[in-house]
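Student: Could you have a look at this structure, given as structure tokens, before my questions?
The values are calculated or read from the model by the stated rules, or taken from the named source; none is laboratory data. Keep in mind that what you see is a predicted model, and the values were worked out from it rather than measured. Neighbour counts are summed over all protein chains in view; Cβ atoms, including those assigned to glycine, are modelled from backbone coordinates with ideal geometry. Calculation scope for accessible area: heavy atoms of the full protein, side chains included, ligands and nucleic acids excluded. Shrake-Rupley method; radii C 1.70, N 1.55, O 1.52, S 1.80 Å.
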Amino acid sequence: QAFFKPIQNSDPHSITKRNIKISVIGVGNVGMAIAQTIISQDLADELALVDAKPDKLRGEMLDLQHAAAFLPRTKINASVDYSVTAGSDLCIVTAGARQNPGESRLNLLQRNVALFSNIIPPVAKHSPDSILLIVSNPVDVLTHVSWKLSGFPSNRVIGSGTNLDSSRFRFLIADHLDVNAQDVQAFIVGEHGDSSVALWSSISIGGVPVLSFLQNQQIAFEKETLENIHKAVVDSAYEVISLKGYTSWAIGYSVANLARSLLRDQRKIHPVSVLAKGFYGIDGGDVFLSLPAQLGRGGVLGVTNIHLTDEEMQRLRKSAETILEVQSQLGL
Ligand code: 6V0
């Protein structure tokens, strides 16, 4: 006798609810931080994990499944075969090769591009309507590569870009001013890396432009203080990696936040890597870099047109050139 017996004249299983499915490719430190944040925040009905290492993959899957009694229900599957990702709404790619001692960044990048040519085509094939969210570094170039390899329209190919840099920036400003980081609106745009650009002119605290806020609160500041905060953002990934070997928690929360905006159609503005050609005077070629973009169920809904100072504009174009130069070295 079945434990659950349908009530008379009913067929409850005939109702097919559309499940939200997220796939995470690469179950290293970053992929697992993202996976566990997605599960604990109840963002998906189904989660599929893929990695090239079957034992590590199965171990991570079991470890997450064993927390089921404490978490919202999410069906978790894992396989080295990409068919496990079929029908995903969102595919997050964190797989990547690690830098060998003495290896140049360009060489590492070439290896990662080769790796992506084995990852993106099967992901795109099994989930042709999905949104691709690239996290592996260098994220801007690899997002461009994924756009080309997938054949997806550019609104469905996004790089996590400077979303994390911006949250580090908001934390540091909030800490400096002793306010809540969620009340700090501040963007870092451009390359996720050394040439990123802090948009000081548009920062606001609780809706008040930062310069008025500093004057109102009679907080003394110098341009140097601002530059040091940006420098601390650029240095922070290196610092965390040198201290604990990798970064994971902040990127986990930051990517889960993007997943929420996309799949729950939040229409929030995030600094993420998008096809930037035609915006802010960037016209040198097809380049992905971070701009404040509105995200929703259709992926990138649009790029916001915020006022930049001449200096910010110049730095942003320089950042685009830096990425384009790397792309030309790769023959892209
Ligand atoms: P990791 O712990 O080495 O994990 C990488 C995973 O990828 C491993 O489990 C590998 O087995 C797997 N992998 C390698 N090749 C393949 C393949 N062909 N197919 C499937 N899986 C494969 O690295 P970690 O998790 O620390 O970092 C992952 C990537 O995220 C790196 O490129 C980081 O630089 C990048 N990050 C990007 C950030 C951002 O803001 N965009 C932030 C942090 C890290």
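Student: How do Lys318, Lys244, Lys5 rank by accessible surface area computed with a 1.4 Å probe, from largest to smallest?
Tutor: Listed by decreasing accessible area, they come as Lys5, Lys318, Lys244.
Student: Note down the relative contact order for region 1-100 as a percent, whole number, built from C-alpha pairs under 8 angstrom at least six residues apart.
Tutor: 36
Student: Moving on to the next point. So, by mean Cβ neighbours within 10 angstrom, what's the order for 181-187, 71-77 with the highest one leading?
Tutor: Top of the packing list down: 181-187, 71-77.
Student: Starting from one equal scatterer on each C-alpha and no solvent at all, send me the Debye-based log10 I(q)/I(0) for the chain at q = 0.13 Å⁻¹, two decimals.
Tutor: Listed by q, the Debye log ratios stand at -0.98.
Student: Under the rule of -39500 (n - 2.57) per DSSP H run of 4 or more residues, summed and divided by the residues of the chain, what mean residue ellipticity at 222 nm is obtained, to the nearest 500 deg cm²/dmol?
Tutor: After summing the helix terms and dividing by the residues of the chain, the value is -13500 deg cm²/dmol.
Student: Once each part is reduced to its C-alpha centroid, what is the distance from region 138-184 to region 76-116 in angstrom?
Tutor: When both Cα centres are located, 19 Å separates them.
Student: Non-local amide H neighbours of Ile76 (under 5 Å, H modeled in plane, Pro and chain starts lacking H): which ones?
Tutor: Hits under the 5 Å cutoff: Leu47.
Student: Shifting gears a bit: Per residue, what accessible area does region 72-173 have, given a 1.4 Å probe and all protein chains present, in Å²?
Tutor: Per-residue accessible area for region 72-173 comes out at 40 Å².
Student: For region 24-73, what relative contact order do you get, as a whole percent, if you take Cα pairs closer than 8 Å and at least 6 residues apart?
Tutor: 45 percent.
Student: Shape verdict for region 216-332, please, from the Cα gyration tensor: rounded (a/c under 1.5), prolate (a/b greater than b/c) or oblate.
Tutor: Rounded, because the longest to shortest axis ratio a/c is under 1.5.
Student: Grab the beta carbon distance between Lys56 and Asp235, set R0 = 25 Å, and tell me the FRET efficiency rounded to 0.05.
Tutor: After rounding, the FRET efficiency stands at 0.25.
Student: Could you tell me, in Å, what Rg and Dmax come out for the Cα atoms of region 25-148?
Tutor: Values for region 25-148 (Cα only, Rg and Dmax): 14.7, 46 Å.
Student: Can you give the FRET efficiency to the nearest 0.05 for Lys17 and Ala67, using r as the Cβ-Cβ distance and R₀ = 30 Å?
Tutor: After rounding to 0.05, the efficiency reads 0.80.
Student: In addition: Once you sort the root eigenvalues of the Cα gyration tensor of region 168-282 as a ≥ b ≥ c, which label holds: rounded (a/c under 1.5), prolate (a/b larger than b/c) or oblate (the other case)?
Tutor: Rounded.
Student: Taking all protein chains in place and a 1.4 Å probe, what share, in percent, of the accessible surface of the chain do carbon and sulfur account for?
Tutor: 51
Student: Please label the shape of region 92-220 as rounded, prolate or oblate, based on the square roots a ≥ b ≥ c of the eigenvalues of the alpha-carbon gyration tensor (a/c under 1.5 means rounded; beyond that, a/b larger than b/c means prolate, else oblate).
Tutor: It comes out prolate by the Cα gyration axes.
Student: Let me ask something additional. Report, in listed order, any pair from Lys17/Lys277; Lys17/Lys56; Lys148/Lys318; Lys125/Lys318; Lys21/Lys125 with a Cα-Cα distance greater than 27 Å.
Tutor: Lys17/Lys277; Lys17/Lys56; Lys125/Lys318
Student: For Lys231, list the lysines whose Cα falls under 16 Å from its own Cα; do not include residues on the same chain fewer than 8 positions away.
Tutor: The qualifying lysines are Lys223.
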